[in-house]
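See structure below.
The values are calculated or read from the model by the stated rules, or taken from the named source; none is laboratory data. Quick caveat, the model's predicted, so the values are computed rather than measured. As a convention, Cβ positions derive from the backbone with ideal geometry for all residues, glycine included, and neighbour counts pool all protein chains shown. Heads up: the accessible areas ignore ligands, DNA and RNA and are worked out on the full protein's heavy atoms, side chains in. Shrake-Rupley method; radii C 1.70, N 1.55, O 1.52, S 1.80 Å.
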Amino acid sequence: METGSVTTPFGRRSMTLGMLASQVMAGEIKPDQSVDKWKLFRALCEAKPLLGIGDRALAVLNALLSFYPKNELAQGNGLIVFPSNVQLSLRTHGMAEQTVRRHLAALVEAGLLLRKDSPNGKRYVRRDRAGEVDEAFGFSLAPLLARAEEIEQLAAAVMAERLHVQRLRERVTLCRRDIAKLIEAAVEEEIPGDWQGPYREFRDLIEGLPRSPTTAQLELLLDELTALRADILNQLEIRVKSTKQRGNADYTERHIQNSNPESTSELEPSFETKQGAIAEPDNDRGAVAPEKGRGEAAYPHGQKKEEEQSRRPDVRNDGGGLKSFPLGLVLQACPEILAYGPDGVISNWRDLMAAAVIVRSMLGVSPSAYEEAANVMGPENAATVMACILERGGHINSAGGYLRGLTRRSEKGEFAIGPMLMALLRANAPAGRKVG
């Protein structure tokens with residue numbers, strides 16, 4: 001049986017007030033108090049951040065519990081275990097004895113174990129004539145039983161915090177999606193306003209988040225995203241109300257025609273403009289304003305004609321209804337095309353189309369395939385698509401077949417450059433923390 005007297009550690013180990021407090025607490029265990037040792041161990045695993053113990057210390061504690069003969073920790077069953085360091089090493093899958101001793105000391109310091117050292121520091125048991133344990137020297141599990149309720153409360157607090165963080169991440173993800181889709185809708189519907197500003201603010205907030213954010217950082221991010229979403233919604237609601245008051249039938253019809261249930265954009269705005277328009281900044285309003293198409297042009301076969309075509313940036317063909325994008329956005333999404341511009345620089349659409357001709361030849365795209373794409377998409381859009389194909393060259397087996405496939409889809413109105421560009425923009429953006 002255990003003695004109720006205070007014990008001090010063997011050898012050079014010093015006695016501390018913490019050890020004394022643990023022994024006093026262990027002496028206050030009620031006679032009928034008991035707890036399932038494995039249920040308590042699972043609670044310990046949850047509460048380990050608040051108890052200041054690590055995984056390997058828990059592995060040593062698990063080994064000690066395995067030497068306890070009963071499933072229920074109770075005063076009547078005795079609470080001393082006395083395995084040797086060799087036996088503990090075996091049950092911790094070969095952990096070095098020195099490491100075992102270090103983690104045993106950590107468990108004692110954390111107030112989860114008590115040392116009951118023998119006069120010579122060895123761990124052993126003395127039995128009576130009936131074979132019952134008379135006195136044992138080793139490690140007492142009494143602090144675990146005494147602190148069982150506290151440990152379970154700490155585990156509940158850790159799980160509640162984890163659930164809170166999970167819900168914060170979910171709300172941040174939903175808010176990100178809302179902002180991205182709302183900005184995309186605003187640009188798609190050509191609603192006046194500086195939509196690039198909210199988009200940049202949105203990206204700055206997301207990319208400024210650390211890889212492992214704290215709860216406070218997530219809460220702050222959610223507040224900022226919620227405020228940004230409310231501002232965007234306010235602008236859109238004002239536009240919707242003014243449209244209803246005007247009774248603009250053309251706007252309503254355009255909205256219905258642009259609805260696309262099979263949109264491929266995900267969580268980020270594609271900044272596409274209305275079909276048949278080029279997105280250019282409106283200097284008066286800071287909005288994305290459409291520029292009308294400037295006619296069609298035929299492109300004869302052959303490399304020479306392609307070069308002539310590349311020197312005619314004013315020639316456009318919007319017969320396929322394909323949306324176009326600012327040159328700066330294209331170059332940001334497809335930086336590899338810059339190396340093929342005149343002197344390694346692309347400063348206008350003429351330079352981009354000249355570079356596209358070189359890339360076409362390098363990737364093995366036939367002149368006829370490129371000519372057909374230029375006829376259907378327009379020369380600027382065809383050059384943009386070639387820049388995208390170059391950027392994704394490692395994922396495309398046949399650039400010519402891929403371009404012909406996009407051309408056929410463009411003829412049917414099933415292809416848009418926006419999602420392709422935005423995917424490349426995200427791939428080439430600086431690495432940032434993704435939430436959710």
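Some observations on this one:
- Filtered residues of the stretch 67-86 (kept if surrounded by 15 or more Cβ atoms within 10 Å (Cβ to Cβ) and either at pLDDT 90 or above or part of a loop (DSSP other than H, G, I, E, B) (or both)): Phe67, Tyr68, Gly78, Leu79, Phe82, Pro83
- Within the stretch 87-109, if we keep just the residues that are small (Gly, Ala, Ser) and in contact with a helix residue (DSSP H, G or I) (Cβ under 6 Å, 6 or more places away or on another chain), the residue that is least open to solvent (accessible area, probe 1.4 Å) turns out to be Ser89.
- Subset of the stretch 385-406 that is free of Cβ contacts under 8 Å to residues at least 12 places away in the same chain and either outside any loop (DSSP other than H, G, I, E, B) or within 14 Å of Asn428 (Cβ to Cβ) (or both) - its residue that is least open to solvent (accessible area, probe 1.4 Å): Gly405
- Among the residues listed as Asn348, Asn381, the single one being over 30 Å from Leu222 (Cβ atoms) and touching a strand residue (DSSP E or B) at 6+ places or on another chain (Cβ under 7 Å): Asn381
- Residue in the stretch 331-343 that is open to solvent by 10 Å² or more (accessible area, probe 1.4 Å), at pLDDT below 90 and farther than 27 Å from His395 by Cβ present: yes
- Residue within the stretch 26-38 that is assigned to a helix (DSSP H, G or I), crowded, with 18+ Cβ neighbours inside 10 Å and either under 42 Å from the mean Cα position of the chain (by Cα) or at pLDDT 90 or above (or both) present: yes
- Checking each residue in the stretch 157-189 for being open to solvent by 40 Å² or more (accessible area, probe 1.4 Å) and among the acidic types (Asp, Glu) picks out Glu161, Glu170, Asp178.
- Tally, over the stretch 42-57, of residues that are open to solvent by 10 Å² or more (accessible area, probe 1.4 Å) and assigned to a helix (DSSP H, G or I): 10
- Residues in the stretch 159-214 that are in contact with an Asp or Glu (Cβ under 9 Å, 6 or more places away or on another chain) and among the acidic types (Asp, Glu) were compared, and the one that is modelled with the highest pLDDT is Glu201.
- Residue in the stretch 367-380 that is within 31 Å of the chain's Cα centre (by Cα), not in a helix (DSSP H, G or I) and not aliphatic (A, V, I, L, M) present: no
- Hits in the stretch 202-216 - residues which are in a helix (DSSP H, G or I), buried (at least 16 other Cβ atoms within 10 Å of the Cβ) and not charged (D, E, K, R): Phe202, Leu205, Ile206
- Per-region count, the stretch 344-362, residues without any contact (Cβ under 8 Å) to a residue 12 or more places away in the chain and surrounded by 24 or more Cβ atoms within 10 Å (Cβ to Cβ): 0
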